[in-house]
Amino acid sequence: MRSNLTTTALIAALIWGLGTLPAPAATPPSDSPDPGAAPTCAASRQGPVDKSDVPAGVDVVDCRLVGRVISDEDSGLSAPVPSPGETVSVEGLSVDGRSELTVAVDESGTITYPADHHADTGASQSVAVLAGLKTASVGPSECRQTAYRTTGWKVYGNFPWWVGDGARPAGLSTKQFRSVISRSASTITSSRNDCGLGDVVGATHSSRGSTTKEYGHRDHVNVIDFGPLPRKMAGLTTTWSVKHAGRNKVVESDIRLNRNGFAWTTSPGSSACRNRIDVQSVLTHELGHTFGLGHVSNRSYPRMTMSDVVEPCSSSARLLGKGDVRGLAALY
């Protein structure tokens with residue numbers, strides 16, 4: 001009997017002791033968000049993706065996004081997602097204003113969308129940068145306009161380019177197109193202008209013939225061609241760059257002029273020109289992007305090469321304005 005009473009007392013004491021133990025911590029629901037977790041992509045595993053499905057902070061390697069086309073509804077532009085350590089920027093010239101899209105991926109694979117990669121307003125410039133530039137006392141309006149914008153990249157050394165083999169406007173042969181490209185590129189690399197300003201660009205260009213490569217692909221070939229583009233867009237430049245001391249280094253830059261929806265000319269001053277866009281003017285503008293120049297407002301600076309609106313039968317962009325040259329001086 002005593003043994004049974006002792007056992008009962010022990011069980012009662014054990015139960016009482018357990019009742020005084022603290023309750024275990026509550027386990028959070030399994031669907032609670034982790035505030036420290038990286039954003040996730042909602043994009044499908046193949047094909048083009050929308051920018052809204054790939055928020056900043058996503059790992060492009062984990063999401064298998066490298067090389068796939070990402071579209072931005074706000075700008076109406078698209079760009080291939082770059083590899084880790086690269087930035088790709090698309091600059092558009094249209095009949096009603098500029099469009100720009102930049103996609104950057106750091107070395108860890110994290111994607112971001114820099115809102116404005118243009119670095120300078122050109123409101124002022126040091127005497128050292130402008131040393132050796134002769135300023136014209138009189139001249140056309142582009143020689144009195146000094147504003148410029150630069151991008152986050154520049155060409156270091158030589159820029160080799162190839163003519164794409166896509167269909168071109170009637171009457172523009174491969175030889176003629178190559179000649180126009182060469183003149184446009186030389187305008188940038190030698191700072192051609194009517195303002196009496198000297199050459200300020202420490203970079204060159206060279207023609208490397210024709211290619212079957214296409215615009216907008218990261219293939220280590222700088223392609224310049226005609227082809228389909230978004231509506232109202234006369235020209236696009238897609239530039240890949242990598243980090244470098246100072247400004248990013250251009251590692252590839254493709255240029256395309258819109259084959260559809262535009263009538264083109266190589267004689268904008270002709271009396272026969274009616275609503276046609278000058279090939280050389282647009283190419284000079286687009287190559288300005290390649291070498292690091294950004295857009296300026298057409299409303300304020302309509303005769304500058306880097307004006308953000310293209311106008312029919314105008315050749316003003318064939319030669320640089322004072323602001324264009326100042327922008328190149330800031331870069332080179």
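Based on this model, can you work out whether ALA263 counts as of a type in the set (Gly, Ala, Ser) and closer than 24 Å to PRO228 by Cβ? Yes: the conditions hold for ALA263.
Residues in the range 262-302 that are within 23 Å of ALA330 (Cα to Cα), touching a Pro at 6+ places or on another chain (Cβ under 9 Å) and not hydroxyl-bearing (Ser, Thr, Tyr): there are none.
When each of VAL54, VAL60 is tested for being over 16 Å from the mean Cα position of the chain (by Cα), within 24 Å of LYS249 (Cβ to Cβ) and surrounded by 15 or more Cβ atoms within 10 Å (Cβ to Cβ), the lone residue that passes is VAL60. The residue that is farthest from SER182 (Cα to Cα), counting only those in the range 235-256 that are aliphatic (A, V, I, L, M) and under 16 Å from the mean Cα position of the chain (by Cα), is VAL242. Determine if the range 290-300 includes at least one residue that is in contact with a strand residue (DSSP E or B) (Cβ under 6 Å, 6 or more places away or on another chain), assigned to a loop (DSSP other than H, G, I, E, B) and over 22 Å from THR238 (Cα atoms). Checking the range 290-300: not a single residue is in contact with a strand residue (DSSP E or B) (Cβ under 6 Å, 6 or more places away or on another chain), assigned to a loop (DSSP other than H, G, I, E, B) and over 22 Å from THR238 (Cα atoms).
Output the residues belonging to the range 213-224 that are farther than 21 Å from ARG98 by Cβ, crowded, with 21+ Cβ neighbours inside 10 Å and not polar (S, T, N, Q). Within the range 213-224, just VAL223 meets the criteria. Once the range 87-117 is narrowed to residues that are crowded, with 17+ Cβ neighbours inside 10 Å and assigned to a loop (DSSP other than H, G, I, E, B), the residue that is modelled with the lowest pLDDT is HIS117.
Looking only at the range 217-265, which residues are of a type in the set (Val, Ile, Thr) and in contact with a Lys or Arg (Cβ under 6 Å, 6 or more places away or on another chain)? VAL221, VAL223, VAL242, THR265 - these are the residues of the range 217-265 that are of a type in the set (Val, Ile, Thr) and in contact with a Lys or Arg (Cβ under 6 Å, 6 or more places away or on another chain). On the given criteria, is ALA42 at pLDDT below 95 and either small (Gly, Ala, Ser) or buried (at least 17 other Cβ atoms within 10 Å of the Cβ) (or both)? When the stated conditions are applied, ALA42 passes them. Output yes when any residue across the range 141-153 is surrounded by 22 or more Cβ atoms within 10 Å (Cβ to Cβ), under 20 Å from GLY209 (Cα atoms) and not aliphatic (A, V, I, L, M), and no when none is. No. Among the residues of the range 63-86, those that are within 15 Å of the chain's Cα centre (by Cα), crowded, with 20+ Cβ neighbours inside 10 Å and assigned to a loop (DSSP other than H, G, I, E, B) comprise VAL81, PRO82. Filtering GLY166, GLY171, GLY202, GLY198 for residues that are touching an Asp or Glu at 6+ places or on another chain (Cβ under 7 Å) and surrounded by fewer than 17 Cβ atoms within 10 Å (Cβ to Cβ) leaves a single hit, GLY166. Screening GLY261, GLY327 for residues that are more than 28 Å from ALA167 (Cα to Cα), outside the structural domain of VAL95 (by TED's automatic domain parsing) and of a type outside the set (Ser, Thr, Tyr) leaves exactly one candidate, GLY327.
Residues that are in contact (Cβ under 8 Å) with a residue 40 or more places away in the chain and of a type outside the set (A, V, I, L, M) were ranked within the range 271-283; the one that is nearest to TRP162 (Cα to Cα) is GLN280.
For the range 263-281, the criterion of a residue being aromatic (Phe, Trp, Tyr) and outside any strand (DSSP E or B) is satisfied by no position. Of all residues assigned to the range 231-240, none qualifies as being of a type outside the set (D, E, K, R) and surrounded by fewer than 20 Cβ atoms within 10 Å (Cβ to Cβ).
The values are calculated or read from the model by the stated rules, or taken from the named source; none is laboratory data. Worth saying up front: this structure is predicted, and the values here are computed from it rather than measured. Positions of Cβ are generated from backbone atoms using ideal geometry, with glycine treated the same way; all protein chains shown enter the neighbour counts.
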